[in-house]
1. Using a 1.4 Å probe over the heavy atoms of the protein chains, calculate the carbon and sulfur portion of the accessible area of the range 235-280 as a whole percent.
2. Averaged per residue, what accessible area in Å² does the range 83-210 show with a 1.4 Å probe, protein chains only?
3. With the contact rule set at Cα under 8 Å and sequence spacing of 6 or more, what percent relative contact order holds for the chain?
4. Could you work out the pair-distance distribution P(r) of the range 80-179 from its alpha-carbon pairs, with 5 angstrom bin width and percents rounded to whole numbers?
5. Under 8 Å for C-alpha pairs, at least 6 residues apart: give me the relative contact order for the range 176-280, rounded to a whole percent.
6. Using Cα centres only, tell me the gap between the range 183-213 and the range 215-280 in whole Å.
7. Can you tell me what percent of all Cα-Cα pairs in the range 8-53 are more than 14 Å apart?
8. State, as an integer percentage, the relative contact order of the range 1-80 based on alpha-carbon contacts under 8 Å between residues 6 or more apart.
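The values are calculated or read from the model by the stated rules, or taken from the named source; none is laboratory data. In this text the structure is predicted, and so the values were computed from the model without any measurement. For neighbour counting, all protein chains shown are included, and Cβ atoms are generated from backbone atoms with ideal geometry for every residue, glycine included. These accessible areas exclude ligands, DNA and RNA; they are computed on the full protein's heavy atoms, side chains included. Shrake-Rupley method; radii C 1.70, N 1.55, O 1.52, S 1.80 Å.
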Amino acid sequence: MLKTTTHVRPLTPADLAELYLLLDRDRLANLFVRNRVDATRLQTRWLGGQIWGYFEDGILVSACHAGANVVPVQATPAAIDAFADRAISDNIRPSSIVGPRDAVLPLWKRLEPCWGPARSPRLNQPFMSIEHDSPLRADPRVRRVLLDEFDTVYPSCVAMFTEEVGVNPEVGSRSGYRARVAQLISQGWSFAIIEDGEVLFKAEVGAATPYACQLQGVYVRPDLRGRGLAAPALAAVVRHVRATVSPIVTLYVNDHNLAARRAYERVGFTHITTFASILL
C-alpha cells in the first residue's frame, strides 16, 4: 500500500499560481487571504508573517495565514492538525483565529491547551453577502471620507473597535491603528455620514479582491441607534462599493447581534456560510 506523503512549509512567490487556484475554490470565504496575497505577492517583508501550505504528495491541499490573525484556507482535518502543530512549534502569538467555523473550531480545539483560554470566543458568526444593489432607498448623505476628515472620523473608529472587540486599539500601538485608519481613507474605502463635524454613521471596506470585498467597522452613533439609520446608510455603502471596489459585498456578524442582522437582511444581505472568531 502506497503511503501519502505530507508536509507543511511557508509558501513563497514560486507558489503563487497554485495558491491562487486554492483561494479561488471559495472566493468569498477566502477573500481576506486573497487580499493579503494580492498586496504582498508572498514577500515576507510585506506579509508580516507567513502563509503556510499543507501538501499531500507534492500538491497544495490547504493553506493558513499565520500573522496577527490565523486564517485557515480550505483546511482539511489533516491540514488542521498539521497547522496546529506548526503554530505550537513556531510559538506564534496571534491576536485571533478567524475563518470558516468548520475549520476554526477544530483548530482552536487543538490550540486551546497551549493558547487558551480565549479572551472572547465567537463561535457562530453568519457570513453574509449581497451581489446586487439594495432595494432600499440609499441614504444620500453617505459619502467617502476625505483624508482631511481623519480627525473627525478617527474617534468613531476607536469607539467602534473598542465596543466590538473589547480592547482599545490605541493600547500598545496607537500609531499602528491610526495608520490603518488613514490607509483606508486614502484608498477610498471609508464611508460615513458626517453632519456638523459629527459622525452619525460609518463603515469601511477592510479587504477586497477583484471578485468581492468585506465590510467592517459598521457604526451608528449610540444616541441614534434604533431609529432605522443603519439600513439605508448601508444600502448607500453597498451601491458605492459595488460601483468602485468589487461587485460582491460581504460581511460577518455575531449571531447574538440581532439588530445588526435584521439591518443587514433589510439591505439584502443573505447568510451564505458561518464563520467563527477566537479573540486572544
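1. Numbers: 1020 of 2020 Å².
C and S fraction of accessible area: 51 percent.
2. Working: 6310 Å² over 128 residues.
Solvent-accessible surface per residue comes out at 49 Å².
3. Values: 506 pairs, mean separation 65.8, N = 280.
Relative contact order, the chain: 23 percent.
4. Result returned by the calculation: 2, 9, 14, 14, 14, 16, 14, 8, 6, 2, 0.
5. Details: 109 pairs, mean separation 20.4, N = 105.
Relative contact order of the range 176-280: 19 percent.
6. 13
7. Numbers: 445 of 1035 pairs.
Roughly 43 percent, once rounded to a whole number.
8. On the way: 117 pairs, mean separation 25.1, N = 80.
Value for the range 1-80: 31 percent.
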